[in-house]
1. With modelled with pLDDT under 95 and acidic (D, E) as the only criterion, which of E59, E51 stands out?
2. Considering only residues that are part of a loop (DSSP other than H, G, I, E, B) and surrounded by fewer than 20 Cβ atoms within 10 Å (Cβ to Cβ), which ones fall in segment 52-74?
3. Quick check: is even one residue across segment 220-231 aromatic (F, W, Y) and farther than 19 Å from D26 by Cα?
4. Based on this model, can you work out whether A111 counts as under 14 Å from G203 (Cα atoms) and not assigned by TED's automatic domain parsing to the domain that holds V82?
5. Does segment 198-238 hold any residues that are over 15 Å from I263 (Cα atoms) and of a type in the set (A, V, I, L, M, F, W, C), and which are they?
6. So which of A64, A115, A81, A105 ends up being over 16 Å from the mean Cα position of the chain (by Cα) and under 30 Å from G127 (Cβ atoms)?
7. Does segment 100-122 contain any residue that is surrounded by fewer than 23 Cβ atoms within 10 Å (Cβ to Cβ) and more than 23 Å from S209 (Cβ to Cβ)?
8. Would you please name the residue that is surrounded by the fewest Cβ atoms within 10 Å (Cβ to Cβ), looking only at residues in segment 157-191 that are closer than 25 Å to P13 by Cβ and among the aromatic types (F, W, Y)?
Amino acid sequence: MSPILTDKSDVMPEVRGRLRTDVRLDKVTWFQVGGPADYVFKPEDDEDLVEFLKNISPELPVYALGVGSNILVRDGGIRGAVIRLGRHFAKMTTVGEKITVGAGALDGNVARFAADAGLQGAEFLSGIPGSIGGALRMNAGAYGADMSDIVVSAIAYDRQGERHVLSPKDMGFSYRHTDIPKDWIFTQATLQLTAGDTQDILGRMADVSRNREESQPVRSRTGGSTFANPPGRKAWELIDSVKGRGLTVGDAMVSDKHCNFLINKGTAKAAELEAVGEEVRRRVFEAHDILLRWEIVRLGEMMLPEKGNNE
């Protein structure tokens, strides 16, 4: 399928950051699947991001992509512009018991930065493989805590490049969800933590790391938790109850170790990963009348099957 816009010189503004066309995304997502994006833009700073958003065609879709840990890019690729935040957006500072972090900062690095500053409350982030932008977007959480517990404010730019300073109320936090439009780009968050002992905090982070290593397929080509837990239930228990553990479609597989994780065993297509996830959802719905909600973000277009000579 042809990109929405194919001639960068005609439709794209001058930028100071890096702007590329027809970029493979399978190399930057944890599943290592998916087609190319029409455009990938890594802005130099906030002003560069603003100018890009203001000056591209209003018809061009925009998507944020962090480290690709909770994303399934479909085989047909992404029609539009993918924005990836670089070093400028990974800065971290402390003021009292608050830390301000760029949306490009890795969750684990933020947890360690807070610990080194003697601040507790962000330990759960050490168990979430991703960046702060994604954590804000999905109200990421683990081990009994989530972003809504610590976010004081966040900064995001809308599709027209307007800057928004968002309060927790503005964010509309709920379980693994916020109300912020999907094409807004988070660039920063301020987190409220409390004073603690660095060694105690690091000890709790080590516990989180150990528990994650023991219970999740962290060394596989996976994408984190596949489905959000329904109210009062555990997604993995529901999947296990319908014999979903170990289910395969091609090289896509439901993890034997933790059945709320999908795995690319080698050469899986995005369509196979999505198909095995949908089969799990179908089984759970038929058995329990519960429709599991995808927690993994699926982006892009399906790849149409090639026609055979006899068609």
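The values are calculated or read from the model by the stated rules, or taken from the named source; none is laboratory data. Note that the structure is a prediction, hence the values are computed from the model and not measured. Neighbour counts are summed over all protein chains in view; Cβ atoms, including those assigned to glycine, are modelled from backbone coordinates with ideal geometry.
1. Going through E59, E51 in turn, the sole match is E59.
2. Passing the criteria: S57, P58, E59, L60, P61, V67, S69.
3. Yes, because at least one residue in segment 220-231 is aromatic (F, W, Y) and farther than 19 Å from D26 by Cα.
4. So A111 passes the test.
5. Scanning segment 198-238 gives I201, L202, M205, A206, V208, A228, A235, L238.
6. A115
7. yes
8. W184
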